[in-house]
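Written below as structure tokens is the structure these notes are about.
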Amino acid sequence: MGGSYLLRFDLDTPATLTVGRLGMVSLPAGTLLYVGSAFGPGGVAARVGRHVAGRGRPHWHVDRLRALAPVREVWFSHAGTRLEHAWAAALLALPAARLPVPCFGASDCRCPAHLVAFARAPSRTTLARLPGGEGMRRWVP
């Protein structure tokens, strides 16, 4: 079933990695939240399963991040509309949010990025209040 998802990564120390056309990027220590959508074959379950397991050749920007750290938490919605743009905007609007890498995960849209950094992870309550979050579910791999 298609929908949108949020992946949480935690980095103990700052890291540097190469990400496609973005080149060499620096990521801060702390919590990184990545938002995406999956409306193709297998939907959210297949896409999130791929990201969690780290299977396959790197294709999306988040695949490079996944090589550094495991997915700690997943939030997802099977809403019939793409929510990742609204989620990215809402996360970036939070007081503690930082934009670590412009355009990360957003090369096919006008969002500043689909990756948002925090010194500490936002609360479950905060994540559940994201636009369209009424039907969100949480899963810990």
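The values are calculated or read from the model by the stated rules, or taken from the named source; none is laboratory data. Not measured: the values here are computed from a predicted model. Backbone-built Cβ (ideal geometry, glycine too); neighbour counts: all protein chains shown. The area values use the complete protein model at the heavy-atom level, side chains included, leaving out ligands, DNA and RNA. Shrake-Rupley method; radii C 1.70, N 1.55, O 1.52, S 1.80 Å.
Values for this structure:
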{"quantity": "Within the stretch 30-52, tally of residues that are touching a residue at least 24 places away in the same chain (Cβ under 8 Å), assigned to a helix (DSSP H, G or I) and under 14 Å from the mean Cα position of the chain (by Cα)", "calculated": "5"}
{"quantity": "Top-ranked residue in the stretch 69-95 [being touching a residue at least 40 places away in the same chain (Cβ under 8 Å) and open to solvent by 80 Å² or more (accessible area, probe 1.4 Å); ranked as nearest to A121 (Cα to Cα)]", "calculated": "R72"}
{"quantity": "Some residue of the stretch 104-125 being buried (at least 17 other Cβ atoms within 10 Å of the Cβ) and among the β-branched types (V, I, T)", "calculated": "yes"}
{"quantity": "Failed item in (1) modelled with pLDDT of 95 or more; (2) over 20 Å from W139 (Cα atoms); (3) surrounded by 18 or more Cβ atoms within 10 Å (Cβ to Cβ); (4) small (G, A, S), with A29 passing the rest", "calculated": "(3)"}
{"quantity": "Which listed residue is hydroxyl-bearing (S, T, Y) and under 22 Å from L22 (Cα atoms), from S107, S77, S123", "calculated": "S107"}
{"quantity": "Selection within the stretch 1-10 - open to solvent by less than 10 Å² (accessible area, probe 1.4 Å) and out of contact with any Pro (no Cβ under 8 Å at 6 or more places or on another chain)", "calculated": "G3, S4, Y5, L6, L7"}
{"quantity": "Among the candidates L22, L27, L6, L68, residue that is of a type outside the set (V, I, T) and in contact with a Cys (Cβ under 9 Å, 6 or more places away or on another chain)", "calculated": "L22"}
{"quantity": "Some residue of the stretch 134-141 being modelled with pLDDT under 95, of a type in the set (F, W, Y), within 12 Å of Y34 (Cα to Cα) and not in a helix (DSSP H, G or I)", "calculated": "no"}
{"quantity": "Subset of the stretch 11-26 [open to solvent by 40 Å² or more (accessible area, probe 1.4 Å) and within 26 Å of R138 (Cβ to Cβ)]", "calculated": "D12"}
